[in-house]
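One structure is given here, and the rest of the page talks about it.
What follows draws every value from the coordinates through simple rules; no lab data is involved. What you see is a predicted model; the values in this text were computed from it and never measured. Here the Cβ positions follow ideal geometry from the backbone for every residue, glycine too, while neighbour counts run over all protein chains shown.
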Amino acid sequence: MTKFSDLALDPRVTQAVAEAGYETPTPIQAQAIPPALQGRDVLGIAQTGTGKTASFVLPMITLLGQGRARARMPRSLVLCPTRELAAQVAENFETYAKYTKLTKALLIGGVAFGEQDKLIDRGVDVLIATPGRLLDHFERGKLLLTGVQIMVVDEADRMLDMGFIPDIEKIFSLTPFTRQTFFFSATMAPEIERITKTFLSNPVKIEVARQSSSSETIEQALIQITPSRKDRSFADKRAVLRALIKAEGESCTNAIIFCNRKMDVDVVAKSLKAHGFNAAPIHGDLDQSQRTKTLDGFRDGSLHLLVASDVAARGLDIPAVSHVFNFDVPSHPEDYVHRIGRTGRAGRKGKAFTIAVPSDEKYLTNIENLVKQPIPRGSVPEGFTLPEPGARPDRPERSDRKDDRGPRGKGGKPQTRDDRKPQRDEPKPQREEPVVVVAEAPRKEERRDSPRPAAPAHHGHGHVHHHGTGHVAPREERRDDRRDYRGRNDRDDRVVGMGDHVPDFILRSFKLPERVVDETENELPELPAVETETADAE
């Protein structure tokens with residue numbers, strides 16, 4: 001059996017590996033390290049959890065043992081799809097290169113540029129980065145890639161899923177053609193195969209496991225449920241998840257719960273905490289310090305349940321995960337393999353449960369076609385039944401639950417629904433009907449002798465009050481009058497129109513000044529004389 005001491009590694013590297021507790025390399029390490037030490041390109045295809053990180057870290061440390069880095073020109077470059085995976089690769093370099101003088105820098109998002117710039121300015125042997133942050137430094141003129149001797153692309157298929165392939169191609173074009181390339185992926189999609197043919201030179205292809213296969217050490221179970229109502233699918237799945245965790249009991253020492261969407265990660269974590277579980281979320285929208293704190297808590301055992309998006313499905317080295325729960329069936333079949341691969345690592349036994357509803361049938365079919373075997377069917381824990389449609393399963397019964405914090409009434413007491421809204425059966429307060437005064441118009445023979453109506457008086461705010469017999473209510477009162485009578489069954493059907501009563505402003509007449517009449521007398525056409533009653537009255 002091959003041992004690390006047989007792989008022609010630097011003695012300082014071999015000593016560090018032995019102190020880390022490793023003696024025998026994994027299949028991917030045993031096959032990838034010898035050609036890498038010979039300077040050849042390596043294309044490695046292996047499922048997650050097989051030790052791909054050490055298969056390129058160990059030969060890189062050995063090859064970089066001679067030489068010195070220059071400012072802003074790293075000697076090697078490692079590209080990772082996520083911050084967590086990049087940080088994990090950096091930890092591996094610290095572990096295995098502790099007896100060497102090699103320097104490294106970690107370029108990831110969520111960290112200030114200033115500290116990263118200082119490390120690059122001093123010169124680093126190993127630069128570990130995510131594609132986006134690496135290009136940010138390059139475009140700012142803080143980084144040159146012309147001195148890269150070894151380039152590594154880790155989890156290339158995850159790069160494809162996250163849309164990093166154009167960035168990867170650009171970064172390849174910025175590095176020397178004579179570089180040595182290590183390319184690792186769990187699957188070989190057509191786009192990944194195209195890149196390998198373009199940027200790798202006669203690589204050694206190493207495939208240690210059937211592509212996209214699940215580990216034999218993982219006990220899988222598919223829990224299919226039919227929600228009580230279509231709109232209760234999310235709530236019923238949460239209830240099943242809690243029942244599964246409780247049924248596993250002490251055997252579930254820790255677990256990762258995967259959701260497809262970031263917003264669902266937060267909701268599921270909050271629901272579990274409300275029911276007394278020790279859970280915390282992790283996804284790409286969280287601050288980097290919070291993500292690091294959560295992962296550290298999960299590693300040291302202070303956190304029991306890690307609710308995650310697929311950002312945690314790839315590359316995270318947490319060997320002692322006992323259970324994986326797929327709260328959502330992944331839409332990409334490859335993600336199923338990577339998710340359940342978080343358990344059953346390093347020869348340990350693990351369990352993976354997947355909760356599915358009828359709408360997930362097409363995704364399940366794709367997964368089973370990919371892994372070339374059906375997922376064993378399981379059942380909900382004994383004694384568990386889905387909640388009734390009217391129940392609130394996500395709200396645990398607590399005798400000390402405080403009243404809902406709603407609007408407060410007098411004395412600081414919370415208002416109830418009855419306090420905030422009037423009862424429908426109570427009669428609505430009746431509005432006082434506006435009084436409309438309709439003055440009787442003077443008879444025709446009396447108008448000739450009556451004085452000319454007074455001009456309307458203006459009292460600010462646009463209100464016009466008419467004095468005399470033709471009183472007109474203000475505009476607001478007339479509007480209220482129309483509004484109050486509209487749609488009422490007990491209203492008076494009388495309509496106040498322009499019958500005998502004619503508003504006095506219509507009866508008003510006016511004439512142009514004498515000067516204007518003289519100037520336009522010759523221009524205006526001759527019109528028949530119209531005699532009005534008010535004109536005669538003058």
Worksheet, complete the sentence: Least to most buried among 146, 294, by other C-beta atoms within 10 Å and fewest first, runs 146, 294
Practice prompt. Past 31 Å, Cα to Cα, is the threshold; run 246/349; 293/349; 197/262; 101/349; 3/104; 98/293 against it and keep the listed order.
Written response: 197/262; 101/349
Response to the item:
Taking only C-alpha positions in the range 218-371, Rg and Dmax in angstrom work out to 14.5, 42
Worksheet item: If all Cα-Cα distances of the range 1-156 are sorted into 5 Å bins from 0 onward, what percent lands in each bin, rounded to whole numbers?
Response: 1, 9, 19, 22, 21, 14, 8, 4, 1, 0
Response to the item:
Here the relative contact order (percent) of the range 81-176, from C-alpha pairs under 8 Å and at least 6 apart, is 31
Fill in: Computed over the range 90-181, Cα set: Rg, Dmax in Å
13.4, 38
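Tell me, 50, 354 in order of fewest to most beta-carbon neighbours within 10 Å?
So the ranking, lowest neighbour count to highest, is 50, 354.
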Practice prompt. Take 96, 363 and order them by how many other Cβ atoms sit within 10 Å, fewest up front.
Written response: 363, 96
